[in-house]
1. Given charges of +1 on the Cβ of Lys and Arg and -1 on the Cβ of Asp and Glu, with all other atoms neutral, how large is the dipole of the chain about its Cα centre, in debye to the nearest 20?
2. Could you sort the peptides 123-131, 59-67 by per-residue average Cβ neighbour count (10 Å cutoff), highest mean leading?
3. Quick check on the chain: what does the Kirkwood estimate of hydrodynamic radius come out to from the alpha carbon pairs, in Å?
4. Ranked highest first by the average count of other Cβ atoms within 10 Å around their residues, in what order do 24-31, 103-110 fall?
5. Using θ = phi - 60° and the Karplus form 6.51 cos²θ - 1.76 cosθ + 1.60, what ³J(HN,Hα) does each residue of region 148-155 get, whole Hz, x for Gly and Pro?
Amino acid sequence: MEDIRSRSFFRTGVRELRYIAAVLAIMVAAIHLLHPRLGAPRLIQHLQLGTLFDPRPLAFTLSAFLIVFGLLLAYNGLFTRRLYLAGAALMVMYLFGYGAWHTVLDHGGFWPHIHAHGHSDTGVIETIRIHLVDDSVAMISKILELTLLVALLVLYRVDGSDVDAVSE
């Protein structure tokens, strides 16, 4: 009897974590898609002008649509474990990409329309901290991405096909 109760509790916990991860994913997608300077609104402006002044609006918009597509696949029970890994990889890209953009990539100095302006007077961690403190949307985004990363990795660990077989 104890084993049945623990399985039921486990299934409930996994189900709740799935919902939490889905809400976090929607929030991350919304921030990236609707960001006024770096999301779809800016991408539309760039397209109207016939050039891509900054690569981030395209990357933000496409990645937001990937998250929504992943949510739809997960909702339909397709490729669940692979989606957890893909989502975790995307969150790592967001987190490291933010750090790289503001440090080693010199704020996009490699891009034809962006002038590099690095931070030679501060270290990597301090530079990232300064940028996050100065930009509350970025801070919220990074917190959501890190939380979603943890949730997806936990789900990958505990929500396998054998768990689904137990729940049937």
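1. Its charge dipole is roughly 300 debye.
2. 59-67, 123-131
3. 17.7 Å
4. Peptide ranking by packing, descending: 24-31, 103-110.
5. Values, residue by residue: 5, 4, 4, 4, 5, 5, 5, 4 Hz.
Every read-out reported here was derived from the displayed coordinates using simple, explicitly stated rules and does not represent laboratory data. Bear in mind the structure is a predicted one, so any value in this text is a computation, not a measurement. Positions of Cβ are generated from backbone atoms using ideal geometry, with glycine treated the same way; all protein chains shown enter the neighbour counts.
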